[in-house]
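The values are calculated or read from the model by the stated rules, or taken from the named source; none is laboratory data. Nothing here was measured: the structure is a model prediction, and the numbers come from that model. Note that we place each Cβ from the backbone using ideal geometry, even for glycine, and neighbour counts take in every protein chain shown. Heads up: the accessible areas ignore ligands, DNA and RNA and are worked out on the full protein's heavy atoms, side chains in. Shrake-Rupley method; radii C 1.70, N 1.55, O 1.52, S 1.80 Å.
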Amino acid sequence: MPRQTILLSILPPTWPHMPPLGLGYLQAFLGQRGINADLTDFNHLFYTLSDHQLQKQWLMSCNTFLEQNILFLIQQHHFKEFHDAIDKMLNYRIIGFSCFKSNLETTVRMAEILKSKKPTIKIVLGGPEITRQSFRSEGNFSHKLLEIADHLIVGEGELPLYQYLTDNNTHKKVAVFEQLDDLTDLPFPRYTGINLNAYPRKNTIPIQFSRGCIRRCNFCSERRLYKNFRTRSVCSLIDEIHYHKTNNKTQHFVFYDSLINANLKKLELLCDHIIEHFGSIPWQAQIAIRNNMANKLFKKMKQSGC
């Protein structure tokens, strides 16, 4: 295994219907800079192996029982596949895990297993839950997290992970909001090594036009994931849609933005380009209620396939 190869992965239970967008961006960003990043979705793997009853539990929000017992259930019902997954992970020098509230306990347990079998393995933890843990503890992570992780990433992952891998940041245990100034040149995910059509939502991928939010609603945790609001270029997004329609037969696009209508001029420009290049594509997104949205924009959104 080449020294520069890292495994990017996500463990269960998390939402299994589409590929992991965040890891896709990390893979593309590192690849653009000459670092080979393999991507394996263990959450999807074990979801597809599970019976119908367990799959139903997988989709329940805040399912504490499943979060605490999923590793035991996988070992019990899929012993060979479980140990094959561990063997695969042990082939790598560095593993980056994407952490959500639902899979943090599983991830920590898996990291303990890997460290017990290969003490030299490096574990990097990032994702929304690491950021949430940072805010909850005011930057004082639990002893268990600090002990099991070689590097913790709060906020956006591209720059700090690249810096860690290129030995520019090894003296720091925690990277805090070291994010990109803008997203203009950010490469889009191609999910190399992933069979996109194996996911339950067929011919569908997640997509992202912007990061951050222009609002700071108290009820919303997403306001803490990024320091500020930034958008990708419309041309890059059109290239991404064209790539997946051509290479993966993708038909549906789900925007993971906090809100798609944060920048009304860019949203209108995006709709214009979708109409010009594709006529219409089925897409969906979160939207905020705004009294300054013109009827013309709503009509363009509908025409473009919203």
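Among the conditions (1) more than 18 Å from Pro189 (Cα to Cα); (2) open to solvent by less than 20 Å² (accessible area, probe 1.4 Å), the only one that Leu39 does not satisfy is (1). Residues in region 71-88 that are open to solvent by less than 30 Å² (accessible area, probe 1.4 Å), farther than 11 Å from Ser50 by Cα and touching a residue at least 40 places away in the same chain (Cβ under 8 Å): Ala85 alone.
If you go through region 286-306 and pick out every residue that is within 14 Å of Ile260 (Cβ to Cβ) and without any contact (Cβ under 8 Å) to a residue 40 or more places away in the chain, you end up with 13. From the list Arg216, Arg230, the lone residue that is within 30 Å of Ser134 (Cβ to Cβ), touching a residue at least 24 places away in the same chain (Cβ under 8 Å) and not β-branched (Val, Ile, Thr) is Arg230. Counted as qualifying within region 77-196 are the helices (runs of 4 or more DSSP H) with 3 or more residues that are modelled with pLDDT of 95 or more and of a type in the set (Val, Ile, Thr), namely 104-117.
Residue-by-condition table, conditions (1) out of contact with any helix residue (DSSP H, G or I) (no Cβ under 6 Å at 6 or more places or on another chain); (2) within 23 Å of Tyr226 (Cβ to Cβ); (3) in contact (Cβ under 8 Å) with a residue 60 or more places away in the chain; (4) small (Gly, Ala, Ser):
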residue: His242; (1), (2), (3), (4): yes, no, no, no
residue: Asn247; (1), (2), (3), (4): yes, no, no, no
residue: Thr250; (1), (2), (3), (4): no, no, no, no
residue: Ser258; (1), (2), (3), (4): no, yes, no, yes
residue: Asn263; (1), (2), (3), (4): yes, yes, no, no
residue: Lys266; (1), (2), (3), (4): yes, yes, no, no
residue: Leu269; (1), (2), (3), (4): no, yes, no, no
residue: Asp272; (1), (2), (3), (4): yes, no, no, no
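Matching residues to (1) modelled with pLDDT under 95; (2) in a strand (DSSP E or B); (3) open to solvent by less than 20 Å² (accessible area, probe 1.4 Å):
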{"residue": "Glu222", "(1), (2), (3)": "yes, no, no"}
{"residue": "Cys235", "(1), (2), (3)": "no, no, no"}
{"residue": "Thr246", "(1), (2), (3)": "no, no, no"}
{"residue": "Val254", "(1), (2), (3)": "no, yes, yes"}
{"residue": "Lys266", "(1), (2), (3)": "no, no, no"}
{"residue": "Leu269", "(1), (2), (3)": "no, no, no"}
{"residue": "Asp272", "(1), (2), (3)": "no, no, no"}
{"residue": "Ile275", "(1), (2), (3)": "no, no, no"}
{"residue": "Ile281", "(1), (2), (3)": "no, no, yes"}
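Within region 91-98, identify whether any single residue is open to solvent by less than 40 Å² (accessible area, probe 1.4 Å) and in contact with a Gly (Cβ under 6 Å, 6 or more places away or on another chain), and answer yes or no. Yes; the residues of region 91-98 include at least one that is open to solvent by less than 40 Å² (accessible area, probe 1.4 Å) and in contact with a Gly (Cβ under 6 Å, 6 or more places away or on another chain).
Residue count for region 100-132, restricted to those that are open to solvent by 40 Å² or more (accessible area, probe 1.4 Å) and touching a Phe, Trp or Tyr at 6+ places or on another chain (Cβ under 7 Å): 1.
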